[in-house]
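Here is the structure we will look at.
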Amino acid sequence: MRLFSETQRFNQWWIQLINFSVLGLLVYFLYKWFVLDEAVDKVSATNAKGQIVVIVTMVLSYGLIYLFRLKTRIDERGLHYHFLPFHLSEKTISWYDIDKCYIRNYRPIAEYGGWGYRISAKHGKAFNVRGSQGIQIELKDGKKLLIGTQKPEEAQQVINRYQKS
């Protein structure tokens, strides 16, 4: 195997449940305002500005989670990653800059405080979406980076291929 590529998203069942709850709440609000002609909390059925603020906020919060995406690629040049929306372009770590690179099990909450874009004084940076396996990168300058993966065996095969050369 010469290339490893993976794209991950926050699509766990509980995130989907929260998102559909927000969508259901928005439908309920619209029903109260436009069908029953009743107020929702302090936003009356005639308060267009308040309704717009509530609708835009809920739609943005619903759609925001679908924006997040972690792309990882390993090839002969090095390891490439792109965590949208935090990185505007793909970041590359050359094999020449890497001291060690391997797959490891980690504890997301204990080591990094959860999932997402995380920074730990002891463990370095982490970009993870789910699970507890990742590509641990230790750079020659002493910095550490962990990139979560759902395909640890495939990633390790490609790492082994290029780390030897």
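The values are calculated or read from the model by the stated rules, or taken from the named source; none is laboratory data. Predicted model only: the values in this text are computed from it and were never measured. Ideal geometry is used to build each Cβ from the backbone, glycine not excepted, and the neighbour counts take in all protein chains shown.
Of all residues in the range 68-99, those being part of a loop (DSSP other than H, G, I, E, B) and either out of contact with any Leu (no Cβ under 9 Å at 6 or more places or on another chain) or among the basic types (K, R) (or both) number 6. Here is a check on your reading of the model: is V35 in contact with a helix residue (DSSP H, G or I) (Cβ under 8 Å, 6 or more places away or on another chain) and farther than 30 Å from Q156 by Cα? Here the answer is no, as V35 does not meet what is asked. Listed by first and then second residue, the pairs linking a residue in the range 44-65 that is closer than 20 Å to L84 by Cα to a residue that is part of a loop (DSSP other than H, G, I, E, B) and modelled with pLDDT of 90 or more, with Cβ atoms under 7 Å apart and 6 or more places separating them unless they lie on different chains, form an empty list. When the range 110-165 is examined, which residues are found to be closer than 19 Å to L70 by Cα, in contact with a Gly (Cβ under 9 Å, 6 or more places away or on another chain) and among the basic types (K, R)? Those that are closer than 19 Å to L70 by Cα, in contact with a Gly (Cβ under 9 Å, 6 or more places away or on another chain) and among the basic types (K, R): R130, K144. Filtered by the rule that a residue be part of a strand (DSSP E or B), among the basic types (K, R) and more than 12 Å from I147 (Cβ to Cβ), the range 100-112 gives a lone residue, K100.
Tell me, yes or no, whether the range 60-67 has at least one residue that is part of a strand (DSSP E or B), hydroxyl-bearing (S, T, Y) and closer than 26 Å to Q16 by Cβ. Looking through the range 60-67, none of the residues is part of a strand (DSSP E or B), hydroxyl-bearing (S, T, Y) and closer than 26 Å to Q16 by Cβ. Restricted to the range 31-62, and to residues that are under 25 Å from the mean Cα position of the chain (by Cα) and loosely packed, with under 11 Cβ neighbours inside 10 Å, which residue is farthest from K151 (Cα to Cα)? By that ranking, first place goes to V56.
Among the residues of the range 109-140, the ones that are touching a residue at least 40 places away in the same chain (Cβ under 8 Å) and either over 19 Å from H82 (Cα atoms) or assigned by TED's automatic domain parsing to the domain that holds I15 (or both) come to 1 in all.
Scanning the range 113-165 for residues that are closer than 16 Å to F10 by Cβ, part of a strand (DSSP E or B) and charged (D, E, K, R) turns up just one, R118.
Filtering I98, I119 for residues that are β-branched (V, I, T), surrounded by 14 or more Cβ atoms within 10 Å (Cβ to Cβ) and on the phi < 0 side of the Ramachandran plot leaves a single hit, I98.
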